[in-house]
Amino acid sequence: MIRRGTISTIDNIKMKARVTFPDLGSGVSSELPIAENLFSLKVNDTVVVAFWGNNLSDAVIIAKVRG
């Protein structure tokens, strides 16, 4: 499953972030890994998250939505 969300907290050293999903009633993920090709993410950036499970922790941030 692929979802769009907003970065709510970020740790650029550990390359992990929490993401808020407005379509899930503003549900917030656990810390998710950030794909190695992404740089300069910050709080409030819109991102694309790929999930391989049925919860908000089995996922990775794969892209930043620009614009």
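Neighbour counts of other C-beta atoms within 10 Å: give me GLU31, GLU36 arranged from fewest to most.
With the fewest neighbours first, GLU31, GLU36 line up as GLU36, GLU31.
Using the Cα centre as the reference, give the magnitude of the dipole from point charges on the C-beta atoms of the chain (Lys, Arg: +1; Asp, Glu: -1; all else neutral), rounded to the nearest 20 debye.
The dipole of the chain has a size of about 160 debye.
Given the chain, what whole percent of its Cα pairs are spread farther than 19 Å?
In whole percent, the share of Cα-Cα pairs in the chain beyond 19 Å is 17.
Only the coordinates and a few stated rules stand behind these numbers; no lab work does. Since the model is a prediction, treat every value here as computed from it, not as a measurement. Backbone-built Cβ (ideal geometry, glycine too); neighbour counts: all protein chains shown.
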